[in-house]
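Here is the structure we will look at.
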Amino acid sequence: PFSAFMRVEEQLGMDQINRYNMYSTASVTCNVAPGSSSGEAIQQMEALFKEQLGDEFGYEWTSVAYQETQAGTTTTVVFVMALLVAFLVLAAQYESWTSPVAAVIGLPVALLGAMIGCLIMGTPVSIYTQIGIILLVALSAKNGILIVEFTRDFRAQGNSIRDAAFQAGHIRLRPILMTSLAFVFGVMPLLFATGAGAESRIALGAAVVFGMALNTLLATVYIPNFYELMQKIQEKLGKKQIEEKTEKV
């Protein structure tokens, strides 16, 4: 009988043993405090783990938190690539390296508007805000393209750089205001979203609405001036290269 070599006793233990990658684990679920982003919560939790558990315990993120930690670096890469692709496409279209700079110079103003929007709406800079910022790359460049395209045409007709920039800004002002404001008003319902998933829609709407509105009001004014500056630099360098080639001949 078993009683000849062992003793059986009843004891209480865990009804379920959790394992992760073959290690015994304990699941911890945390909620983000109001006014803080999920990224800030992840950083605080990692610091708390290292402070309290030391090197004897490890941790791993799962579900949405894991996806966010993996996407943290890719967002910057996507933003840089979106800006680079927009610049290269415009450089090929205009056959110039300076004109695309004038077309995308409105992006800093759009980014400022996005940050102001998050501040006004009280939303943290989350992954949804970053998606909105990437969208602003194309939207802000659109206004610059409308102006630079006509400025180059007026310049090719023999107008001075300043007159070409002034005429293009004057002619394209109304179309830019119409298309941009129509987009802003169309996206504005995101700011007043309610119910499930409202926070994500508000974060996206705050970045896009305020970023595009500020870009429309400010960038439309100084893009012609910046084009004038870049065009003068281009023509000055081009004239210098021609003179050097002439001297060599």
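Which one is surrounded by the most Cβ atoms within 10 Å (Cβ to Cβ), of the residues in segment 148-159 that are more than 26 Å from the chain's Cα centre (by Cα) and assigned to a helix (DSSP H, G or I)?
Thr151
Whether any residue in segment 15-30 is surrounded by 10 or more Cβ atoms within 10 Å (Cβ to Cβ) and touching a helix residue (DSSP H, G or I) at 6+ places or on another chain (Cβ under 8 Å) is what I want to check.
To start, the set of residues in segment 15-30 that are surrounded by 10 or more Cβ atoms within 10 Å (Cβ to Cβ) comprises 18, 20, 23, 25, 30.
Filter again for touching a helix residue (DSSP H, G or I) at 6+ places or on another chain (Cβ under 8 Å), leaving 30.
Yes, segment 15-30 contains a residue that is surrounded by 10 or more Cβ atoms within 10 Å (Cβ to Cβ) and touching a helix residue (DSSP H, G or I) at 6+ places or on another chain (Cβ under 8 Å).
Among the residues of segment 38-80, which ones are under 30 Å from Gly106 (Cα atoms), surrounded by 12 or more Cβ atoms within 10 Å (Cβ to Cβ) and either at pLDDT 85 or above or aliphatic (A, V, I, L, M) (or both)?
Ala71, Val78
What are the residues in segment 129-159 that are among the small types (Gly, Ala, Ser) and in contact (Cβ under 8 Å) with a residue 24 or more places away in the chain, if any?
Those that are among the small types (Gly, Ala, Ser) and in contact (Cβ under 8 Å) with a residue 24 or more places away in the chain: Gly132, Ala138, Ser140, Ala141, Gly144.
Would segment 111-125 turn up any residue that is in a helix (DSSP H, G or I) and among the hydroxyl-bearing types (Ser, Thr, Tyr)? Before the answer, list the steps.
Our first condition is that a residue be in a helix (DSSP H, G or I); within segment 111-125, this holds for 111-121.
Imposing the further condition that a residue be among the hydroxyl-bearing types (Ser, Thr, Tyr) reduces the set to none.
No.
Tally up the residues in segment 160-196 that are free of Cβ contacts under 8 Å to residues at least 12 places away in the same chain and either over 20 Å from Val221 (Cβ atoms) or crowded, with 17+ Cβ neighbours inside 10 Å (or both), please.
The total comes to 6.
Could you run through segment 88-104 and say how many residues are buried (at least 17 other Cβ atoms within 10 Å of the Cβ) and either modelled with pLDDT of 80 or more or in a helix (DSSP H, G or I) (or both)?
Number of matching residues: 8.
List pairs: first residue in segment 17-38 and touching a residue at least 40 places away in the same chain (Cβ under 8 Å), second residue of a type in the set (A, V, I, L, M, F, W, C) anywhere in the structure, Cβ distance under 6 angstrom, at least six positions apart or on different chains.
Close Cβ pairs (under 6 Å, with a partner that is of a type in the set (A, V, I, L, M, F, W, C)) amount to Ser38/Val32.
The values are calculated or read from the model by the stated rules, or taken from the named source; none is laboratory data. It should be emphasised that the depicted structure is a prediction, and the values quoted were computed from it without experimental measurement. Reconstructed Cβ throughout: ideal geometry from the backbone, glycine too, with neighbour counts over all protein chains shown.
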